[in-house]
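Input: a single structure, listed below in structure tokens.
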Amino acid sequence: MTARNRYDAVAMGLHWLMAAAILALLGLGFTMTGLKPGSPLQFKLYQMHKSVGVLVFVLVALRLGWRLGHQPPPLPATMGPGERLLAHAGHWALYALMLGMPLAGWVVVSTSPYNIPTILFGVVNLPHLPLPRDLNALAKGTHMIGAWLLIATLVGHVAAALRHHFVLGDDVLTRMLPRFGRK
């Protein structure tokens with residue numbers, strides 16, 4: 001496989017860092033909402049969830065910026081027009097969700113009646129947005145629906161990569177994997 005058929009190291013690094021962060025966010029989100037309200041552990045998990053959410057937002061902005069200047073490898077010639085359209089739609093849906101979810105979360109905490117500050121990684125205070133409190137229920141619903149849409153889109157993304165690798169036998173998956181010493 002030529003270098004042109006592979007993502008570069010920056011794109012790969014951002015992809016896998018974002019993947020790990022998003023999986024952590026989902027785990028934190030489901031865990032923290034299942035804990036006793038107001039418990040110290042729940043508070044810590046909410047703060048970590050918000051911190052990692054902001055990190056994902058920054059990483060996706062960097063990834064989009066990188067992608068503007070660095071063309072991704074072309075899709076396999078064997079992919080039909082419908083499959084190409086689905087692949088592009090899936091990627092753009094992921095980008096939209098990775099940008100929208102942190103913003104919806106920021107609206108949730110900004111409109112919360114509890115007015116709890118967000119201290120990113122215990123160091124930086126993220127100010128609340130100047131929004132009315134009556135947006136809170138809508139923002140919470142949007143964030144929750146977005147989480148389920150993100151899960152569904154991620155499942156489709158992973159399933160497609162695995163299908164390409166194990167069923168179709170092309171390089172769609174391996175071009176995003178580090179080589180670990182191979183040339």
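Quick notes
- Selected residue (criterion: surrounded by the most Cβ atoms within 10 Å (Cβ to Cβ)) from residues of segment 23-58 that are of a type in the set (K, R) and without any contact (Cβ under 8 Å) to a residue 12 or more places away in the chain: K44
- Matching residues in segment 69-100 - criterion: being modelled with pLDDT of 95 or more, among the hydrophobic types (A, V, I, L, M, F, W, C) and loosely packed, with under 13 Cβ neighbours inside 10 Å: L85, A89, W92
- A single member of A20, A87, A11 is more than 16 Å from W148 (Cα to Cα) and without any contact (Cβ under 8 Å) to a residue 40 or more places away in the chain, and it is A20.
- Residue within segment 61-80 that is more than 25 Å from T174 (Cβ to Cβ) and in contact (Cβ under 8 Å) with a residue 12 or more places away in the chain present: yes
- Any hit, segment 10-18, residues being more than 30 Å from P76 (Cβ to Cβ), at pLDDT 95 or above and within 19 Å of the chain's Cα centre (by Cα): no
- Test: residue in segment 1-22 that is surrounded by 17 or more Cβ atoms within 10 Å (Cβ to Cβ), part of a helix (DSSP H, G or I) and basic (K, R): no
The values are calculated or read from the model by the stated rules, or taken from the named source; none is laboratory data. Just so it is clear, the structure is predicted and the values come from calculations on it, not from any experiment. Cβ coordinates were reconstructed from backbone atoms using ideal geometry, including for glycine residues, and neighbour counts include every protein chain displayed.
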